[in-house]
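See structure below.
The values are calculated or read from the model by the stated rules, or taken from the named source; none is laboratory data. Keep in mind that what you see is a predicted model, and the values were worked out from it rather than measured. Cβ coordinates were reconstructed from backbone atoms using ideal geometry, including for glycine residues, and neighbour counts include every protein chain displayed. Ligands, DNA and RNA are stripped out before the accessible areas are found, and what is left, the full protein with its side chains, is counted by its heavy atoms. Shrake-Rupley method; radii C 1.70, N 1.55, O 1.52, S 1.80 Å.
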Amino acid sequence: MTPTNMTNDPFVQSGLQQLSNEAFGPNGFANGMEEVFHVLIHRGSDTLGYGHMISGDEVIFTGRTDSDSFSDAALNVWLDECRIRAYSMGAGTWTTAEVHVYPDKPGILDLYDEERVERDAQGNWPPGGGPAGAQAWSQQLLAYPRTADNIPSWMWDIFQAEGVTPPIYNPKFKSVDWKNRRRPVTDHGTDFSVEPTVIDPSLELSVFSRIRKKLFGAHS
């Protein structure tokens, strides 16, 4: 799929510059390299990250020690804020972020609505495992809800395979509905400071029937 690019956002540019400073500054961990490439995949409460440095034809994987990768504040905290800023109520936010940082030119942030887990040269999954399951994606949708139509087909395939009903954004109430519970949603995602209210399915049959229709055979 074509990535969403937020590189022109001043907040994103500032973050990319900070990463460049950590990688290629006087005490940078990537001095002598041509590029640092890092991937973060958000799965609700779980985040998978991996990356490498490039020098000519040589690829050197990062993250072996605390001194050969970005700080948590510069990469993870910054990307968490990018994720919030990218959220659109009912449409969701990105799943995978790919960061490219260079010593002599501006960096790039590409965002994807898919799980971009790649095997390494030996055919192994990156540290932390392979593709996530339905519970992980349910957690993501609970925090950054989508309408049923905005949940991508690859997520529906996982939910169908595991028989899991995902959280759904309800535009009528500006809420996320899950397991007969409802919480309000803001421009920044679900408001977890508010206690959930109980839904009576008998009073909202149409909402839940559409969800079941998606899960049990009607989704293509």
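Brief remarks on what is shown
- In a fully extended conformation the segment linking residue 17 and residue 34 would gain 4.6 nm over its present Cα-Cα distance, using 0.36 nm per residue.
- Heavy-atom accessible area per residue - the chain, 1.4 Å, Å²: 52
- Label point at residue 57 placed 7 Å out along Cα→Cβ; residues across segment 24-47 whose backbone nitrogen lies under 18 Å: 34-35
- Modelled this way, with points 7 Å down the Cα-to-C-beta line, the labels at residue 88 and residue 153 are 2.0 nm from one another.
- Theoretical gain in end-to-end length, residue 198 to residue 46 [0.36 nm per residue, Cα-Cα removed]: 52.0 nm
- Choice from 68, 149, 120 showing the highest fluctuation, given a GNM over the chain with Cα pairs closer than 10 Å: 120
- Packing, taken as the mean count of other beta carbons within 10 Å per residue, orders the peptides 169-179, 34-44, 124-134, 151-161 from highest to lowest as 34-44, 169-179, 151-161, 124-134.
- Count, lysine Cα pairs under 24 Å in the chain, 8 or more residues apart or across chains: 6
- Within the chain: Cβ-based charge dipole about Cα centre, in debye rounded to nearest 20 (Lys, Arg +1; Asp, Glu -1): 1240
- Percent RCO, i.e. relative contact order, over the chain, from Cα pairs under 8 Å lying at least 6 residues apart: 19
- Each residue of segment 85-91 was assigned a 3J(HN,Hα) from its phi angle through the Karplus expression (A = 6.51, B = -1.76, C = 1.60, θ = phi - 60°), giving 5, 7, 5, 10, 4, x, 9 Hz with x at Gly and Pro.
- Ligands, DNA and RNA left out, the accessible area of the chain computed with a 1.4 Å probe is 50% carbon and sulfur.
- Per-residue HN-Hα couplings for segment 127-143 [Karplus 6.51, -1.76, 1.60; θ = phi - 60°; Hz; x = Gly/Pro]: x, x, x, x, x, 7, x, 4, 5, 5, 6, 4, 5, 5, 5, 5, 7
- Percent antiparallel among DSSP beta bridges (both partners in segment 35-165, rounded to 5): 95
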